[in-house]
Amino acid sequence: MNPGGINGRGTVYLVGAGPGAPDLLTLRAAELLKRADIVFHDALVHPETLALAVNAEKVAVGKRCGRHSTAQRFINKRLVDAARIHRVVVRLKGGDPLLFGRAQEEIDALQAAGIPCEIVPGITAALAVAAELKVPLTQRGVARNVVLTTPRVGQDERGSDWAAGIHAGNTAVVYMGAGMAAAVAKELRARGVPADTPVAVVENASLPSRSDRWCTVGTLAETVAAAGPVAGPALIVIGEVLRRAQQCATFTPAGAQNFHEAAVQAGR
Ligand SMILES: C[S@@+](CC[C@H](N)C(=O)[O-])C[C@H]1O[C@@H](n2cnc3c(N)ncnc32)[C@H](O)[C@@H]1O
């Protein structure tokens, strides 16, 4: 144990672990993990990332989709308690801690208890997916803005108009939506997004197990249903920015073994 800092209190660092691949961690995050006395981590954090915390007690506090408010209150309390006995407390979250990570509840609890708190950004899943597909989410003359959203509503949360910002001229990235693809597609159509708008559903981005499903807003529901349940974390990316990549992905020249090879042969 490494006794707490000023006034017996340590600092809690909300740290982004990135999308999955352990080498997509920031240097600051890696350094903090090395110094950590205790690490509270999400379910999606890679074991090699956790292994960097050589001296730390590791506590799994994973709750998929952030749905359990009781569990969240318990995590808040554990962070406060840990900061009273340890100097470096790391709360390690998948992707970026400030996107769909329930960070506000943790920040509020720490501030209420007078515990210093710092944030270390991570690569959010949307940016990992864009990089892997080689698709800029903004493109001159195609899309000037990007909507990051989720249709998922927590038990203790009022429903919100999750699709309000989505329209035909922008790019949308939907987190925690692959399990409700039919509802997502229906809402997009109701918003006037054309049925032929390209869509990519990308699972396990940045990991060797990554898989991509290409379709359109009109075929999204049946494409996801036909492929069976989405097992890993997945994003739905929607927008015209995908069109060239989609043409490469769905046109496989003779001899091309996969998307990347097809893209090279198609001259991308
Ligand atoms: C609770 S949210 C956390 C998001 C995280 N804070 C971020 O910035 O990426 C979990 C959701 O993020 C998305 N996600 C996380 N990692 C992913 C990955 N490697 N590939 C695809 N989607 C991912 C999925 O939609 C998953 O259900």
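The values are calculated or read from the model by the stated rules, or taken from the named source; none is laboratory data. These figures come from a predicted structure and were not determined experimentally. No Cβ is skipped: glycine too gets one built from the backbone with ideal geometry, and neighbour counts run over all protein chains shown.
Key figures for this structure:
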| quantity | calculated |
| --- | --- |
| Test for G179: is it of a type outside the set (A, V, I, L, M), within 16 Å of the ligand (Cβ to nearest atom) and at pLDDT below 95 | yes |
| First in region 188-211 and at positive phi, second anywhere and within 16 Å of the ligand (Cβ to nearest atom) and of a type in the set (A, V, I, L, M, F, W, C), Cβ under 6 Å, 6 or more apart | S206/A21; S206/L24; S206/A128 |
| Residue in region 61-81 that is modelled with pLDDT of 95 or more, buried (at least 18 other Cβ atoms within 10 Å of the Cβ) and outside any helix (DSSP H, G or I) present | no |
| Filtered residues of region 83-121 (kept if in a helix (DSSP H, G or I) and of a type in the set (D, E, K, R)) | R84, E105, E106, D108 |
| Number of positions in region 194-218 that are outside any strand (DSSP E or B), among the β-branched types (V, I, T) and in contact with a Gly (Cβ under 9 Å, 6 or more places away or on another chain) | 1 |
| Complete set of residues in region 189-207 that are away from the ligand (no atom under 16 Å from the Cβ), out of contact with any helix residue (DSSP H, G or I) (no Cβ under 8 Å at 6 or more places or on another chain) and not β-branched (V, I, T) | R189, A190, R191, G192, P194, D196 |
| Test: residue in region 142-163 that is touching a Lys or Arg at 6+ places or on another chain (Cβ under 9 Å) and more than 16 Å from the ligand (Cβ to nearest atom) | yes |
| The listed residue being within 30 Å of G177 (Cα to Cα) and among the basic types (K, R), out of R78, R28, R84, R35 | R78 |
| Residue check for T149: in contact (Cβ under 8 Å) with a residue 24 or more places away in the chain, surrounded by fewer than 16 Cβ atoms within 10 Å (Cβ to Cβ) and β-branched (V, I, T) | no |
| Unique residue being within 30 Å of E105 (Cβ to Cβ), out of contact with any Ser or Thr (no Cβ under 8 Å at 6 or more places or on another chain) and surrounded by fewer than 18 Cβ atoms within 10 Å (Cβ to Cβ) when the list is G179, G141, G228, G165 | G179 |
| Answer residue from region 231-260, given it is within 21 Å of the chain's Cα centre (by Cα) and either at pLDDT below 90 or part of a strand (DSSP E or B) (or both) and is surrounded by the most Cβ atoms within 10 Å (Cβ to Cβ) among those | I236 |
